[in-house]
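Just so it is clear, none of the values below were taken in a lab; they were calculated from the coordinates. Keep in mind the model is a prediction, meaning the values are calculated, not measured. Positions of Cβ are generated from backbone atoms using ideal geometry, with glycine treated the same way; all protein chains shown enter the neighbour counts.
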Amino acid sequence: MDDRKTETTLTDRYVWTVTRHLGAETGPDVARELRASIQDRVEAGIEPGNDPASAEREALTELGDPETLAREYGELPRHLVGPALYPDYVRLLRALLAILAPLALALLFVDRFESGAGGLGEIGIEAAVVLVTVTVHVAFWTTLVFAIIERVRPADRRDLPLTA
């Protein structure tokens with residue numbers, strides 16, 4: 001058994017954070033490129049007389065947030081519903097809400113008036129709850145479907161709308 005401790009440097013952790021979600025083809029190349037860039041910055045920072053640890057911290061600080069850098073290297077879109085799909089998304093969301101919210105209210109009122117259950121105040125509160133529930137569900141499921149479409153579309157079609 002090997003009793004040596006393995007220590008990770010700030011650079012190792014930074015590179016891992018940037019490359020952990022990249023594909024097998026791009027991850028190793030980005031890691032090599034990033035390590036070389038960091039090493040160049042560290043060497044440039046050591047020349048004026050700084051110690052290596054502070055030069056490494058300065059180099060990583062200059063590069064910025066590793067999550068932000070990872071998104072720049074990443075292949076997936078950085079938005080739920082992109083600009084090409086957004087008009088279709090809004091159009092469908094409005095249409096669904098214009099149809100389903102009044103339908104849900106109508107069904108609630110028919111049910112309550114037929115059964116005679118509850119007064120006008122209770123029905124009003126239930127109507128508000130139904131409206132909020134329908135709106136949240138329609139918005140969530142529509143957004144989910146469009147987010148999935150955004151991610152499964154081929155890269156060459158991501159700038160094209162769904163409808164003509």
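Under 14 Å from the 7 Å Cα→Cβ point of THR143, by amide nitrogen: which residues of region 91-122?
93-94
Under Stokes-Einstein, with the Kirkwood radius over Cα pairs standing in for Rh, what whole-number D in µm²/s applies to region 59-113 at 25 °C and 0.890 mPa s?
In µm²/s, the coefficient rounds to 160.
Where does helix 120-152 land angle-wise versus the long Cα axis of the chain, in degrees 0 to 90, nearest 10?
Approximately 40 degrees, to the nearest ten.
Between region 36-60 and region 69-134, how far is it from one alpha carbon centroid to the other, in angstrom?
Result: 54 Å between the Cα centres.
Normalised by the number of residues in the chain, what is the relative contact order in percent for Cα pairs under 8 Å and 6+ residues apart? Display every interim value, and only then the final one.
Numbers: 106 pairs, mean separation 39.2, N = 164.
Value for the chain: 24 percent.
Which residue, chosen from THR9, PHE146, LEU80, occupies the Cα position most advanced towards the positive end of the dipole of the chain, where the dipole is computed from +1 (Lys, Arg) and -1 (Asp, Glu) charges on Cβ about the Cα centre?
Positive-end residue among those listed: PHE146.
At 25 °C and a viscosity of 0.890 mPa s, what translational diffusion coefficient does Stokes-Einstein give for region 92-164, taking Rh as the Kirkwood radius over Cα pairs? Give it in µm²/s as a whole number.
Estimated diffusion coefficient is 168 µm²/s.
Using bins 5 angstrom wide from zero, how does P(r) for the chain break down, in % of all Cα pairs?
Answer for the chain: a P(r) of 1, 7, 11, 10, 9, 9, 8, 8, 7, 7, 6, 5, 4, 3, 2, 1, 0, 0 percent.
Modelled label-to-label distance, SER115 and LEU103, 7 Å Cα→beta-carbon offset: nm?
2.1
What does the net charge come to around VAL81 if you take all other residues with beta carbon closer than 11 Å to its beta carbon, with K and R at +1 and D and E at -1?
-1
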